[in-house]
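Take a look at the structure set out below.
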Amino acid sequence: MSLWLVRHAQPVVEAGVCYGMTDLAADVADTLRAATALAVTVPTGAFLLTSPLQRCDQLAQCLCGLRPDLTCKTDARLVEMNFGCWEGQRWDAIPRAAFDQWMAEFGSHAFGGVETVDALMQRVAAIWDESVQSPGDQVWITHAGVIRAATLIAQGVRQVTRADQWPRDVLAFGECRLLRGG
């Protein structure tokens, strides 16, 4: 089994805005570009799981239009982390104290008051465990936070306590990565 992780296309949002699980549309041209590239990249007959947020669903639908051999299902566990009261705010407008507290208690502090990194890791681990048990190749169309969590889980890390444990690298919008092969 191989698992391809795909980040949604460029969302239609001002640069510098914290949008997490806010349901934003993606740029139509960027979605088509990403789907066209993915159509020649992902394996034939792969099972496609997508976040229900429209920026991911747009890419999944576009890709399936180009690749009718792909089976697609929505899974809410693939949504981005919920940043609560900071959703829709500019990152530079979020009080430094709120950000510092999150960094100090990275795994257990709910930045924005809703979801912790621990909770994100748990929901990604649950879908990861199901995926590993499933036959065939899979493609996840999802978000940067989920991709970072899955990267850690693939390395055997199921919990993070410090911000410096969180992967710094992130896929560009519309890009994919083969996370694991089998």
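The values are calculated or read from the model by the stated rules, or taken from the named source; none is laboratory data. Nothing here was measured: the structure is a model prediction, and the numbers come from that model. Glycine also receives a Cβ, built like all others from the backbone with ideal geometry; neighbour counts cover every protein chain displayed.
Structure notes:
- Close pairs (8 angstrom Cβ cut-off, 6 or more residues apart or separate chains): at pLDDT 95 or above in region 118-135, among the basic types (Lys, Arg) and part of a helix (DSSP H, G or I) anywhere: Arg123/Arg77; Val124/Arg77; Ala126/Arg77; Ile127/Arg77
- Applying the condition of being outside any strand (DSSP E or B) and in contact (Cβ under 8 Å) with a residue 60 or more places away in the chain to region 137-148 and asking which residue is nearest to Trp4 (Cα to Cα) yields Asp137.
- Of all residues in region 101-136 being closer than 17 Å to Leu178 by Cβ and surrounded by fewer than 20 Cβ atoms within 10 Å (Cβ to Cβ), the one that is nearest to the chain's Cα centre (by Cα): Ser131
- Residues within region 2-42 that are over 18 Å from Ala172 (Cα atoms) and crowded, with 16+ Cβ neighbours inside 10 Å, tallied: 1
- Consider region 46-90 and keep the residues that are touching a Pro at 6+ places or on another chain (Cβ under 6 Å) and in a helix (DSSP H, G or I). The one that is surrounded by the most Cβ atoms within 10 Å (Cβ to Cβ) is Arg55.
- Only one of the numbered conditions (1) more than 18 Å from Ala149 (Cα to Cα); (2) touching a residue at least 60 places away in the same chain (Cβ under 8 Å); (3) under 18 Å from the mean Cα position of the chain (by Cα) is not met by Val79, and that is (1).
- Exclusive hit being among the hydroxyl-bearing types (Ser, Thr, Tyr) and under 27 Å from Trp4 (Cα atoms), set Ser108, Ser134: Ser134
- Positions within region 1-17 being of a type in the set (S, T, N, Q) and at pLDDT 95 or above, in sequence order: Gln10
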